[in-house]
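J.: Got a structure for you, questions after.
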Amino acid sequence: MKNNFRIAMIIFSVFVTGTAFGQASTAIGTAKVWGTMDGIAIEGVVQGPSAQLSDLQIACVFEYTEGDIFNTPPALPPALNGLVHLDQDMKGLLTEIRKSGKFHGHANETILISPPKGTIGGKKLLLIGLGDRNKFSPDLMTGVGSVAMREAIKLGVDNFSFASDLKDAGIDSPTALVAGNVVRGIFEAYRTQTWLKEKKMSTFKPVSRVILLAGPAFFTTAGEGIQEAIAALKN
């Protein structure tokens, strides 16, 4: 009976979320390479940051407010909320580290966590702060994308997955613009590092794949923003 109730709630959550934002729901696990640039494949995956397999998982969080990722609405329902799943799989660490002030979540602030093997899909977890939720602007995500790539290069990873987690946190953000800005920031940082390498002032292991995570209701729209950004960067 409990399992049937849980399944019903998940179906209801998918229906409500997809309907509320006027988008068709894409199946969890769906993956698509939206484009390749500078030797890096940009892949979109319908998955949460807790489950995605990668060398490095990056998740974004705002400055803490009580129950922010759990209050539905504006946060997404628990069944579709990647931050809730991440917090659960990390035994409440995400909430604890934010609530205690050990990680403030100021804009572009970072902290690297090494979870025990098997805790989450990523071998390492990097949190990037988004600052005050009431002052959020999509422009911030360009800088966040740059921070993500710079930290990935420092760690020498072959690939990393990135979750902006804005919808999870209850921010009604423009999905395509946010995704596109993240891509722009990622390649601004990568190209700067490549430029330094050409001048023999930097050495780094190339990144081969970036995985951009999206919820079931936002996959297609995010892909449109990603493809638009790639096209603009190639021109």
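Read-outs: derived from the displayed coordinates by stated rules, not from any lab. Just so we're clear, the structure is a prediction, and the values are computed from it rather than from any experiment. Note: ideal-geometry Cβ built from the backbone for every residue, glycine included; neighbour counts use all protein chains shown.
J.: Report, in debye and to the nearest 20, how large the dipole of the stretch 95-235 comes out about its Cα centre when Lys and Arg carry +1 and Asp and Glu carry -1 on their Cβ.
T.: 640 debye
J.: Can I ask one more? Only four residue types carry charge here, +1 at the Cβ of Lys and Arg and -1 at the Cβ of Asp and Glu. Report the dipole size of the chain about the Cα centre in Debye, rounded to the nearest 20.
T.: The dipole magnitude comes to about 640 debye.
J.: Next question, about the same structure. Mind telling me which of ASN71, ASN108, ASN181 comes out most flexible in a GNM of the chain, alpha-carbon contacts under 10 Å?
T.: Per the Cα network of the chain with a 10 Å cutoff, ASN71 tops the list.
J.: Could you tell me how many degrees, from 0 to 90 and to the nearest 10, lie between the Cα long axis of helix 175-198 and the main elongation axis, the longest principal axis, of the Cα atoms of the chain?
T.: 30 degrees
J.: Something else now. Select from LEU196, LEU53, LEU213 the residue whose mean-square fluctuation is largest in a Gaussian network model of the chain (Cα-Cα springs shorter than 10 Å).
T.: Looking only at LEU196, LEU53, LEU213, the largest GNM fluctuation is found for LEU196.
J.: Net charge near LEU155: determine it from the other residues with C-beta under 13 Å of the C-beta of LEU155, scoring Lys and Arg +1 and Asp and Glu -1.
T.: With Lys, Arg at +1 and Asp, Glu at -1, the neighbours total +2.
J.: Net charge near PRO115: determine it from the other residues with C-beta under 11 Å of the C-beta of PRO115, scoring Lys and Arg +1 and Asp and Glu -1.
T.: +3
J.: Most mobile of SER146, SER164, SER114 per a Gaussian network model of the chain (Cα springs, under 10 Å)?
T.: SER114
J.: Please figure out what share of the DSSP beta bridges in the chain is antiparallel and state it in percent, rounded to the nearest 5. Don't skip to the end; give the middle numbers.
T.: Details: 10 of 31 bridges.
So the antiparallel bridges amount to about 30 percent of the total.
J.: Specify which residue in the list LEU80, SER146, ILE128 is farthest towards the positive end of the charge dipole of the stretch 73-160, using unit charges on the beta carbon of Lys, Arg (+1) and Asp, Glu (-1), about the Cα centre.
T.: ILE128
J.: A further question follows. Find, among the trypsin sites (Lys or Arg not before Pro) in the stretch 99-191, those assigned to loop by DSSP (not H, G, I, E, B) with at most 13 other beta-carbon atoms within 10 angstrom.
T.: The qualifying sites are LYS102, LYS117.
J.: Turning to a different aspect of this structure: Distance between Cα centroids, the stretch 94-116 to the stretch 184-217: provide it in whole Å.
T.: If we compute the Cα centre of each part, the gap is 23 Å.
J.: Please list log₁₀ I(q)/I(0) at q = 0.10 Å⁻¹ for the chain, using the Debye equation with identical point scatterers on the alpha-carbon positions.
T.: Calculated log10 I(q)/I(0) at the listed q: -0.43.
J.: Name the residue from LEU213, GLN227, GLY156 whose Cα lies farthest towards the positive end of the charge dipole of the chain, charges +1 on Cβ of Lys and Arg and -1 on Cβ of Asp and Glu.
T.: After comparing all options, I get GLY156.
J.: If you don't mind, another one. Tell me the mean residue ellipticity at 222 nm calculated for the chain from its helices only (DSSP H runs of n ≥ 4, each -39500 (n - 2.57), averaged over every residue, nearest 500).
T.: Computed ellipticity for the chain at 222 nm equals -12500 deg cm²/dmol.
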